[in-house]
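A.B. asks: Starting off with a structure, shown below.
Here, each number is a calculation from the coordinates, and none is a lab measurement. Please read these numbers as outputs of a predicted model, since none were measured by experiment. Ideal geometry is used to build each Cβ from the backbone, glycine not excepted, and the neighbour counts take in all protein chains shown.
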């Protein structure tokens, strides 16, 4: 299953990209299109999930540790 | 001469179009998510309330005032940071640790945390340096980090490389003999790719390696390995659907570590714009993990010399979190948002579970309110 997910993502990256000019990026620059739309909420949610689950990481490095883990 | 004139006309047309895009209210924030330039300054202050329950008992309550800011630095640079104060009370969940270090029969603790990151932007790359600190009665964590992003000429592809070093000092309020530490190094590489004029994807892989004390100082039988290597692969897809005036967010993360834990989580969020001032965002998240090689729900362990933990977070389980968020723009640069989430965790929700661990189902709920001030 993991292999299939990897292949799917790589296929999307490799084949589906069309060159986008600066003046075509209006939609991409919208607030609701940001990778992290709300860093405030993201910090708090990540902290909850990191403290209740074994998995973490992938978003960034350097967030700091906590006694909850 | 004629060619020069044509090129000038072409440039002027592009400038006019970009200026028009910049004038659309609340739309343009300066750069695409690939972040090839400083984003507009922003300050957020707010509060989170967290509660959890297990076996129909109320357990932990956490109150968290929180602030986040991004402000302009010298020249083409920005400073980003946050401050958090966690205040915990109640009893921690069975077999679980808490949002803070102290767990066990009764918990009354505070956590203060802050982080700061400075990023300087050049023509084709950026460099950032950061630091973070978190203190509790029984825990101190310090981190330094560095990050660089490099983008293509058309800014449709951005590569990220980042690294951090963390030092944690661990003690216990019930056992003065616990005076331990842990050192962790992490690296992350990622790519952000514009797919077309309505969608983009970011994919990051992070690796972290730590040495030191991983056991829970409040669980006398807890005996975890003194090292851990973790891999995480996070892919985040964003698509704008103009017919609905909405944005779709799809995230998937694969996680594996040297303790034999493997985890998947998928989350879907739908940002629905309503008129000029409202955004409503329903979201759902599913998480599943396999148990650590040394996890055992039987307490006490048969062999006390062996690695052992009965921490529920190292068992086979699955979890579903559903939430809703509302954001209202009171003025062009001032918004308020409210969100609420409920989380349900139990072993029966594990997608790849192998053993019946008989862990008590666990429920949590949290709500966040915040005030957002944006600057032009």
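A.B. asks: Using mean Cβ contacts within 10 Å as the protection proxy, how do B:169-178, A:36-45, B:290-299 order, highest first?
C.D. replies: My ranking of the peptides, most packed first, is A:36-45, B:290-299, B:169-178.
A.B. asks: Okay, moving on. When you have a sec, figure out the Kirkwood radius of the stretch B:31-374 from all distinct Cα pair distances and drop it here in Å to one decimal?
C.D. replies: Taking every pair of different Cα atoms in the stretch B:31-374, averaging 1/r and inverting gives 22.2 Å.
A.B. asks: Which order do B:191, A:48 fall in if you start with the one that has the fewest other Cβ atoms within 10 Å?
C.D. replies: Ranking B:191, A:48 by Cβ neighbours within 10 Å, fewest first, gives B:191, A:48.
A.B. asks: While we're here: State the Cα centre-to-centre distance between the stretch B:311-376 and the stretch B:134-164 in whole Å.
C.D. replies: Cα centres, the stretch B:311-376 to the stretch B:134-164: 24 Å.
A.B. asks: Here's another thing I want to ask about it. Partner chain Cβ atoms within 10 Å, averaged over the residues of B:250-257 - can you pull that number for me?
C.D. replies: For this peptide, the per-residue mean of nearby foreign Cβ atoms is 4.
A.B. asks: At what distance in nm do the modelled label points of residue B:122 and residue B:61 sit from each other, each positioned 7 Å from its Cα along Cα→Cβ?
C.D. replies: 5.3 nm
A.B. asks: Expressed as a fraction of 2.2 N^0.38 Å, the rule-of-thumb size for a compact globular protein of N residues, what is the C-alpha radius of gyration of the stretch B:166-271?
C.D. replies: 1.52
A.B. asks: Compare the peptides B:323-334, B:214-225 by average per-residue count of other Cβ atoms within 10 angstrom and give them in order, highest first.
C.D. replies: Ranked from most to least packed, the peptides come out as B:214-225, B:323-334.
A.B. asks: Which parts of the stretch B:272-287 would a label at residue B:250 reach, counting a residue when its backbone N lies under 19 Å from a point 7 Å out along Cα-to-Cβ?
C.D. replies: Label zone hits: B:272, B:282-287.
A.B. asks: Sticking with this structure for a sec: In what sequence do B:153, B:197, B:52 fall when counting other Cβ within 10 Å, fewest first?
C.D. replies: Final ranking by Cβ density, sparse to dense: B:153, B:197, B:52.
A.B. asks: May I ask you to derive the FRET efficiency for residue B:293 and residue B:351 from their Cβ-Cβ distance with R0 = 25 Å, giving the value to the nearest 0.05?
C.D. replies: 0.85
A.B. asks: Further question: When Cβ neighbours within 10 Å are restricted to other protein chains, what is their mean count per residue of peptide B:193-205?
C.D. replies: Taking all residues of B:193-205 together, the mean is 6.
A.B. asks: How high is the relative contact order of the stretch B:222-376? Use alpha-carbon pairs under 8 Å, at least six apart in sequence, and give a whole percent.
C.D. replies: Over the stretch B:222-376, the number comes to 18 percent.
A.B. asks: Moving on to the next point. What is the stretch B:218-316 by shape, rounded, prolate or oblate, if you read a ≥ b ≥ c off the alpha carbon gyration tensor as root eigenvalues and call it rounded for a/c under 1.5, prolate for a/b larger than b/c, and oblate otherwise?
C.D. replies: Prolate, since a/c reaches 1.5 and a/b exceeds b/c.
A.B. asks: Let me ask something additional. Report Rg(Cα)/(2.2 N^0.38 Å) for the stretch B:245-376, keeping two decimals.
C.D. replies: Its radius of gyration relative to the 2.2 N^0.38 Å reference: 1.41.
A.B. asks: For the stretch B:31-374, what does the relative contact order come out to in percent, with C-alpha contacts under 8 Å and a separation of six or more?
C.D. replies: Computed over the stretch B:31-374, the figure is 13 percent.
A.B. asks: Give the peptides B:77-88, A:17-28 in descending order of average Cβ contacts within 10 Å, highest first.
C.D. replies: B:77-88, A:17-28
A.B. asks: Still on this structure, please answer the following. Calculate the mean, over all residues of peptide B:332-344, of how many other protein chain Cβ atoms lie within 10 angstrom of the residue's Cβ.
C.D. replies: If you average over the peptide's residues, the count of other-chain Cβ atoms is 1.
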